[in-house]
Amino acid sequence: MNQLKAYTLAFLLTGFVFTQPSRAAELPSLSAQIKEVVQWFTGKFDNVNQVATNPSVPLITMTNCQVQLDGNSGTGETQNVYLEQQSPVFNRVRFYSFGLGSGAIDLGIRSFINSSSLSGLCDRPVSQRIISQNNLAAAVCSLDLIYEQNRYVGNNAPTGCPTSTGGKVVSSVSIQANSINSLDQIFSSSGQLLVNTPIEFRRIPTVPESSPLAGLVIAGAGLAFLRRRKQARVLMIKSVNSRQS
């Protein structure tokens with residue numbers, strides 16, 4: 001009896017081991033992760049829902065789109081994104097680079113030397129979304145993005161990135177298919193925490209454009225309705241005339 005129990009336990013343990021999925025097999029390649037996170041990161045976002053529940057948070061709209069560097073055909077491994085944020089408090093543009101890191105996505109963030117000509121870049125045709133490498137600041141603020149189920153998370157605490165005033169910015173971010181939650185903690189040169197407001201961006205649904213076929217269907221339905229209405233009117237007139245006669 002004890003021997004039967006031992007065999008049964010061994011069988012169950014063996015089955016348990018073989019049925020457990022390998023996390024390494026589940027984990028997408030870094031190249032696939034880059035493509036996915038860039039797809040999630042691009043588009044139009046705002047924090048209207050957050051402002052509705054917390055009016056002290058500034059309303060921010062954010063538009064992100066993929067761009068190319070001039071003179072760089074790219075290798076397919078690194079994806080570049082132009083970020084533009086607008087609010088009553090500030091306007092902010094940045095260059096985001098998603099590349100291969102050591103077991104994680106290497107996210108590099110750079111500012112522009114001259115951003116005056118970049119406003120509305122994402123509204124331009126894709127062929128015109130080109131960034132001059134000479135317009136990128138040398139300093140890069142980096143953090144690693146780690147893949148988790150249904151999201152990518154990263155932070156550069158406690159070191160952060162230096163500011164022009166001698167302080168630092170410690171950033172954390174969580175990117176999902178339709179949301180981006182970010183927190184930039186800004187410290188003064190003396191270590192005092194100056195800004196500590198998390199922002200909850202949500203994707204703005206896009207209105208699909210009507211296709212020519214859909215337009216023809218709508219137009220055809222309208223003509224059919226008018227034709228039936230005209231026929232009904234003719235029949236009504238004939239009916240009235242027949243009664244009068």
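The values are calculated or read from the model by the stated rules, or taken from the named source; none is laboratory data. No experiment lies behind these values; they were computed from the predicted model shown. Glycine also receives a Cβ, built like all others from the backbone with ideal geometry; neighbour counts cover every protein chain displayed.
Listed conditions (1) assigned to a loop (DSSP other than H, G, I, E, B); (2) in contact with an Asp or Glu (Cβ under 7 Å, 6 or more places away or on another chain) are all met by S190, apart from (2). Among the residues here, S116 qualifies as at pLDDT below 95 and either hydroxyl-bearing (S, T, Y) or part of a loop (DSSP other than H, G, I, E, B) (or both).
Please verify whether A219 is of a type outside the set (D, E, K, R), modelled with pLDDT of 90 or more and on the phi < 0 side of the Ramachandran plot, treating the condition exactly as stated. Can you show your working first?
Working: of a type outside the set (D, E, K, R): yes; modelled with pLDDT of 90 or more: no; on the phi < 0 side of the Ramachandran plot: yes.
No, not satisfied.
Could you tell me which of the residues V153, V170 is touching a residue at least 12 places away in the same chain (Cβ under 8 Å) and over 23 Å from Q33 (Cβ atoms)? It is V170. The single condition among (1) within 19 Å of L83 (Cα to Cα); (2) without any contact (Cβ under 8 Å) to a residue 40 or more places away in the chain that G160 does not satisfy is (1). Within segment 79-98, restricting attention to residues that are among the β-branched types (V, I, T) and modelled with pLDDT of 95 or more, which residue is surrounded by the fewest Cβ atoms within 10 Å (Cβ to Cβ)? Per the stated criteria, the residue is V93.
Of everything in segment 3-49 that is more than 30 Å from G101 (Cβ to Cβ), at pLDDT 50 or above and of a type outside the set (A, V, I, L, M), the residue that is nearest to the chain's Cα centre (by Cα) is N49.
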